[in-house]
Every structure is written in C-alpha cells, then in structure tokens.
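One structure is given here, and the rest of the page talks about it.
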2 protein chains.
Amino acid sequence: MTISHKIISNISVDCVIFGFDFEKLNVLLVERELVDEKSGRILIKDFTLTGYHIFEDEDLDKAAYRILKDLTGFENIYLEQFTVFGKTDRVSNEKDQIWLTYLNQGFSERILTVGYFSLIDSTKVTLSHNERKIHWFPIDEAHNLEWAFDHKQIFMKALEVLRNKVRTEPIAFELLPERFTLTQLQKLYEAIYGTPIDKRNFRKKIVQMPFIVALKVKQKGVPHKPAQLFLFSREVFEKTKKERLGFLF
Amino acid sequence: MTISHKIISNISVDCVIFGFDFEKLNVLLVERELVDEKSGRILIKDFTLTGYHIFEDEDLDKAAYRILKDLTGFENIYLEQFTVFGKTDRVSNEKDQIWLTYLNQGFSERILTVGYFSLIDSTKVTLSHNERKIHWFPIDEAHNLEWAFDHKQIFMKALEVLRNKVRTEPIAFELLPERFTLTQLQKLYEAIYGTPIDKRNFRKKIVQMPFIVALKVKQKGVPHKPAQLFLFSREVFEKTKKERLGFLF
C-alpha cells in the first residue's frame, strides 16, 4: 500500500468478509506478528480483520472498498456498513498500543472504526496478496483465535447482523448457482446459522415460499440419485413481500 | 452546554428523534440562525438535527445520550445507531462553512457523523430548553424545510430505517397505552408510513397475529361507541417469532 494521501488518524474501517465454500462459512483474517529484533522472541501473534485508516480526501464507503482491495486484491464485492465501534478504550490494551507505536504511522490513541461486512462465494476469489498472511478461517475456529484490538467483538456483531439479515433478505441466493438443489440451500443456511436444520421442516417451509420455484429439471452427471433443481425468483419475492410480512411483521 | 472536555473535532453524533403525538409523526429539529451584526441581515436560517461533537474521553453511545440531553433535556430515551455519514463534502457548502467558522469551536473541515434514531411518545416529553428554538415538525413539513449540512439526507435515511424496523420489530407498541384500540394501532402505522391503510385489510392482518390479544373489555367514557381493547403480548411475540419468519423470511 503506497500512502500518498494523508490518513485520518482517528477513523478506520474494518471489513468482516464472510466466505461460503459450499461446506462451511469462513471469515477472512490477517495475521499480525511482531518479533523482537534483538531476542527473536515473538511479542505479538494474533489476527485482525481487513482494515485500515481512511484518507482525508476519501468518502467513507470508498475507503472501505479501497482498503479491502489493497489488502486482499478483491474488487466488486458488495460491502455493507453495519455498526460503528466507538468505545474510548478499544485500542488501548498494551499489545495494541505496542503495535501502533511500532507501525509509527501517526494513528491516534483513540480510534473509531466503522464495520462493514460482506458475504461472498469464497471459491470465486483468489487470495493474491498472500505475503500478508491472509487466510480464511471457519467460523468455529475463528472464535478460538487470539484477536487484535476489539476485532473479535466486531466479528461477532457482524455474524449476528448476517444471521438476522438472511432471515428477511434474499442475500443467500447470490452464493448459489442459478439452479440449485434444496440440499445446497439447506447447507448454506446450516453454515450461516452454525447449526443443523431438520430436513423435513426445512422442506416444509420451502414449499410455502412462492419465490423458490421448483423446476421440471434434475441434476445431471452426479454420482448419486439426481435431485430436483430450483430457482429463486426475485420478481415473485418482491411481489409477495407485502403479503408475507404484512403491514406489520 | 459547558465544555470542560475536549471535543473530537472530526466526529459528531446526530440524533433523529421521531415523536408520535397520536395524530401524526413528527421529527425534532433545532433552528439555526445567523444574523449579520452590522446590517442586521439574516445570513443563515435553517434547521439541524440534535447533534454535536463527541468528547475525547467519552464512548460513542454515551456521547449520543449526553448530546440529546444537553439539547433537549430528554433522558432515558432509547437511541439506536443506524448509519455513519462519511462523505468528504458533507459540511463543505458555503453556509455551513460560514456557520462553523462563526462558532469557532475548533471543528474540522471534514466531519463524520454517526446517526442515531429514536421513536418516542412526544406527548410525554417537554421541550424545556426552548431558548434554543427546538421544535417538533410533522414529517411532511420537515421535507420542505431548509436544512443545514446533509441533515435532510440523514433524516430521510432514518425514516427509511424506522419504516423497515416497524415491519419486523414490535417497537410501535411502546408508544401505545397498554390496552389499545385497533384504530389507535392503525393510526400509528399510518403516521409512520405516511399513507392511509385500508381498514378491512388491516384488521384481517391483525386477526392473524397471535401476539395481539383481544380483551373482553371495551373502552370507557368515550363520546362514541366504545371499541374493543387489545394488548400486545411480548411473550407470544417471542415464542412465535421462529414460526412466523421461519428459517428464511
């Protein structure tokens, strides 16, 4: 990252990138390591979200896209702002203060960060910047990592927002092929919720959703009994929205 | 407002306070006026949201409550963060720059603001600080006012968030008496949506909601035919949430 712009020292952006690989839900994290030059001892080794400071001459949303691109090479990924984290002590624990001093890039002692999140098909992106030690971690593993700053809290809030959002918005379908099986759909929801879903109940609910359209087509070239294919109709989804939610709820 | 704390010059909070008065939905605005001392000419006369800068030693959420209290006297009002507004030019138009120079309180040329919103029963609060020219404006009128900064945009975003939120969360019931009539409930939704709702359709939907409980009690002491009373059961609402929304939608 070449810095030709001046950063705003007390405002950053952190992106929580969720990736679905058709088996599990993952989160994208950057390894942070600080080794003491004299002793060779590892002083800090933990993980951060993909984040950085915004520039003085840059709109906030643009900064989020720029930072994600700089750190991961990802472009054209939809990011959504979810919460600002503004506690006075969010970067003040000792290891984080050592890290900020070590970087020596003029960051403030107090930094507010704006959280953005995204849900992507992780098989469609390549981690090109791997010298920066960027990795996907399954959600379960991520919970048990050592985190920098308040990034675990930001990650957990993003996960909560994502889980609520897939209940009411059809964002999950963007990760599936245009024609999908109900098993694929169920797997996606199980991955996001992090819990198994009863197959019979799940199918019962699907039948009630007019916007999930059963096709007269089955899978081809699979080693098992081919399953029926379905598609998501955005048109029907929008048309039936009012009825489904009603004026209330 | 006595300033004994140092402000953060580039971060503010703006609160969009919606008030329902049992007839219409209103928004709380502060008059901003700047008169040229020599000529007596009015240089600026427009409206702002209730907002100010956060202090260096203050958590973001606390700042929102402090600012609302300082400007309006309101306490114990639930505020919810909704969006950060971070465009580079959001306070850079001429009249806003004149205003910031006039105040001379060390604000930055670029300010990010965190939007908070609230929905309250406006008949239960008193505007005690009226020397500051704080007023309720009906939503329709507010649209046609002259606004400061990007505050009209913040207000409109808050209104959109509120309208979505009352579809899925039972926040509207907090504004009604414990026992309410369906006409009162309909009026509230009409006020929030800003559009009339068909009475028959509305009642049909209500009947399908197990958490709106019909009581064997009618209104008393009203000049018209007394209407049946209802109550909102949070317990039933929570219990039936999963069924209603399903795993999806």
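Worth a mention:
- Of all beta bridges that DSSP places with both ends in the protein assembly as shown, some 70 percent have antiparallel geometry.
- Computed FRET value (nearest 0.05) for A:Gln219 with A:Glu31, which takes r as the C-beta separation and R₀ as 41 Å: 0.55
- Taking a straight line from the alpha carbon of B:Lys205, these aspartates and glutamates sit under 15 Å away, with near neighbours fewer than eight places off in the same chain left out: A:Glu243, B:Glu190.
- Around A:Tyr193: net Lys/Arg minus Asp/Glu count, Cβ-Cβ under 10 Å: +1
- Note on B:52-62: average number of Cβ atoms from other chains within 10 Å of each residue's Cβ is 3.
- The residue list B:Thr88, B:Thr240, B:Thr126 was ranked by how far each Cα lies along the charge dipole of chain B toward its positive end, using unit charges on Cβ atoms, and B:Thr240 comes out on top.
- Whole-Å distance, taken between Cα centres, linking segment B:104-173 and segment B:26-54: 15 Å
- Convex hull volume of the Cα atoms of segment B:171-245, normalised per residue: 115 Å³.
- The relative contact order of segment A:170-245, computed from alpha carbon pairs under 8 Å that lie at least 6 residues apart in sequence, is 31 percent.
- With R₀ set to 51 Å, the beta-carbon distance separating A:Asp198 from A:Lys133 gives a calculated FRET efficiency near 0.80.
- For B:Asn104, inter-copy label distances in nm, listed shortest first [label point 7 Å out on the Cα-Cβ vector]: 4.0
- Result for chain B in a Gaussian network model with C-alpha springs under 10 Å: among B:Val222, B:Val13, B:Val91, the largest mean-square fluctuation is at B:Val222.
- Across the identical copies, the label point of B:Tyr193 (7 Å from Cα in the Cβ direction) is separated from its matches by 3.0 nm, in order from shortest.
- Exposed trypsin sites (Lys or Arg not before Pro) absent - longest run of chain A, DSSP non-H/G/I/E/B, at most 10 other C-beta within 10 Å: A:42-219
- Expected 222 nm ellipticity per residue - DSSP helices of 4 or more, -39500 (n - 2.57), all of chain A, to 500: -9500 deg cm²/dmol
- The aspartates and glutamates whose alpha-carbon is closer than 15 Å to the alpha-carbon of A:Lys187, local same-chain residues fewer than 8 away aside, are A:Asp21, A:Glu23, A:Asp121, A:Glu174, A:Asp198.
- Antiparallel DSSP beta bridges within chain A, as percent of all bridges there, nearest 5: 70 percent
- 20 Å Cα-Cα threshold exceeded, pairs from B:Lys124/B:Lys225; A:Lys239/B:Lys24; B:Lys87/B:Lys152: B:Lys124/B:Lys225; A:Lys239/B:Lys24
- Cβ-based net charge around A:Phe55, under 10 Å, with every Lys or Arg adding one and every Asp or Glu removing one: -1
- Whole-percent P(r), chain B, all Cα pairs, 10 Å bins from 0: 6, 26, 30, 20, 11, 5, 1.
- Put in order of Cβ neighbour count within 10 Å, fewest first, the listed residues B:Phe18, A:Phe107, A:Phe22 become A:Phe22, A:Phe107, B:Phe18.
- Placing unit charges on the Cβ atoms only, positive for Lys and Arg and negative for Asp and Glu, gives segment B:150-249 a dipole magnitude near 440 debye about its Cα centre.
- Across the identical copies, how the B:Glu56 labels are spaced - nm, sorted shortest first, 7 Å along Cα→Cβ: 2.0
- 31 Å tail of the calculated P(r), the protein assembly as shown, as % of Cα pairs: 55 percent
- Summarising the rotation from chain B to chain A, the nearest chain B beta-carbon to the axis and its distance in Å are given as B:Val84, 3.
- Peptide-level mean, for B:233-239, of C-beta atoms on other protein chains within 10 Å: 0
Each reported figure results from applying straightforward, stated rules to the coordinates on display, with no laboratory input. Because the structure is a prediction, the values reported are computed rather than measured. When we count neighbours, we look across all protein chains shown, and the Cβ atoms used for this are built from the backbone with ideal geometry, even at glycine.
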